[in-house]
Each structure stands twice: as C-alpha cells, then as structure tokens.
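First the structure, in the form of structure tokens, and then the observations on it.
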Amino acid sequence: RKLEFALRHALERDELTLAFQPVVHAETEQVMSFEALLRWNSAEFGPISPAKFIPIAEDTRLIVPIGEWALRRACEEAARWPSNIRIAVNVSAEQMLDASFASTVVSALASSGLAAERLELEVTESIFLRDGGAAQNTLQQIQSLGCGIALDDFGTGYSSLGYLRNNRFTTIKIDRSFVQGAAKDSPESLAIIRAVVAMADALDMTTTAEGVESERELDRIRQLGCTKIQGFLFGRPMGAIEAAALLARDA
Ligand code: G
Ligand code: G
Ligand code: MN
Ligand code: NA
C-alpha cells in the first residue's frame, strides 16, 4: 500500500530511470541492440526491484503512464546511437490493451526521430489471455508501423503454438531456465531449445537466449544455433552513459 502511494509520485518526482542491457550476436559478439529496463530509486524506500514494483504498477494500471514514459525515454536514447543499433522495450498487457497504445508508439517515434524499424516491443503470452483479439489487433497495428515484436520469457507462461501461428513475431526470447538446463546437459532443455530454434527459423523469426552468465552456457547456446545472446556474461543492465561508451568502443 505504501509502495503503491510512493509509486504514484515516482514519475513526477523523477525517481524512475532506464537501464540498458546489451544483446549481442551469438557468433560475432557484436552488440545488436539493448533492452531497456525500468529502475526505481524511491526517495522514501530506496532502490526497489522491478520484480516488486512492476506487478504493483500493473495491478494499479500505473504501468500505463510509467510504461509510456519508459517507451519515450528509450526511443529518445536510442535515437542517439548508431543507426544499426536497436532498442527493445517491455510492454505489459495493461498497456497493450489500452486503446491508445498504438498512437503512443507513433508519437514516441515521431518525437524522438527514431526509425520504427529500430524499435522492438517485448510482450509475453499473458497479453493474449484477457482479450486475445484486441491484443492481436494492436500487435498488427504496431507491426504495420515497421516495429519488431519479441515474444519474451518464451516457454514459461501459457505457451501456445497458436500465438506463433497467428502473430508474426520477429524474435522469440528463450527463457533463462532453458539456458541453465542446457548447460547442465538436461536432455529436455536441449531438445526444447533445438525445437524452438528450428521453429523460429522456419517461421522467419530470430531467437535470443536470455540470462547467459557463463562460458559453458554460451558454448551450449552457440551449438544450438540461437541468433542472439543476452546475459551478464556480455553485460549487465547499465546506465545510458555506459551504454553509449560500450557502443563507441565496439564501433
Ligand atoms: O530488470 P529486471 O530483470 O529485474 O526486470 C524484472 C521484470 O520487470 C522483467 O520481467 C521485465 O520484463 C520487467 N520490466 C522491466 N522494465 C520494464 C518496463 O519498462 N515495462 C514493463 N512493462 N516491464 C518491465
Ligand atoms: O522478463 P524479462 O526478460 O524482460 O526480464 C529481464 C530481466 O532479466 C532483467 O531484470 C535482467 O536484469 C535479468 N537478466 C538479464 N541477464 C541476466 C542474467 O544473465 N542472469 C540473470 N539471473 N538475470 C538476468
Ligand atoms: Mn524482456
Ligand atoms: Na525475458
């Protein structure tokens, strides 16, 4: 309750920031994009983890204005990067089902000057649970602008192959639990990643392995043919200045 009250004021008090985590090409290790991740440093309660405040923001629908702020801030930052570098922004179901979401995306692109092709929106399967038709419709509008759509946390939620048939995702993000399983030679994890990569290839989607922390995990993921890699091994979520410095070094 107290956190909820503080969160209501976090935007106006300028307590929210974005962290940026690099996503690298599996073979070349070149930075391809960053994922924008919200951070909240509350004047009252100190730093609060997103695992704690995002669910509160979703329950109270505060995620709609907070998510819009994150989207605008992410586009603004990415517009300063080299034009081959993309930005991924997480979008909750509450945002996706808000009638004005597509126009918010149009506005964020226009005011930042970021090309639509450089923006990828990350959604989870949960967006389809409440009103699948509405979610699919919004996804189509966003896609027709030229933005990419990633299916986040794949394999952990309510995975349905119907979602993959009915929506043209650009990327499937394979959850860290499978990456960990692969490094432990879990036959199930290996088989599932192999199958997801094959399916993504056939559907003209790319795959990103999430949460790669060790060389062993990297080796396995490479062998399995994932397109891109995200994880602490290549970079933790970092501030905008560090992200720009990383790109300058990489160039
Ligand atoms: O940064 P971290 O891994 O702790 O994030 C925890 C969760 O919060 C993840 O599920 C992530 O998708 C979510 N999250 C982080 N930033 C945003 C955001 O800007 N919008 C939404 N909707 N979710 C976010
Ligand atoms: O749900 P989503 O995939 O958007 O959440 C991304 C979250 O995963 C972020 O909070 C980020 O900090 C976390 N993350 C990114 N890389 C790693 C990693 O290598 N290991 C672990 N444990 N978490 C990671
Ligand atoms: Mn994500
Ligand atoms: Na994820």
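Structure summary
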| item | result |
| --- | --- |
| Loop GluC sites (Glu not before Pro), region 155-229 (other Cβ atoms within 10 Å of the site Cβ: 15 or fewer; DSSP) | GLU213 |
| P(r) of region 1-72 over all Cα-Cα pairs, binned every 10 Å from zero, in whole percent | 18, 48, 19, 12, 2 |
| Extended-chain gain in nm, criterion 0.36 nm per residue less alpha-carbon gap, ASP201 and THR104 | 31.8 nm |
| Average Cα contact separation per residue, the chain, under 8 Å, 6 or more apart, as relative contact order % | 20 |
| Candidates ALA195, ALA43, ALA26, ranked by Gaussian network fluctuation over the chain, Cα under 10 Å, top entry | ALA43 |
| Additional length obtainable on full extension of the chain from ILE56 to GLU213, 0.36 nm per residue less Cα span | 53.7 nm |
| Cα gyration tensor shape of region 105-249, rounded if a/c is under 1.5, else prolate or oblate by comparing a/b with b/c | oblate |
| Anisotropy class of the chain from Cα gyration tensor, a/c 1.5 cut | rounded |
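Every number here is computed from the coordinates shown, using simple stated rules; none is lab data. Small disclaimer: the values here were computed from a predicted structure and weren't measured. Glycine gets a Cβ as well: all are built from the backbone with ideal geometry, and neighbour counts include every protein chain shown.
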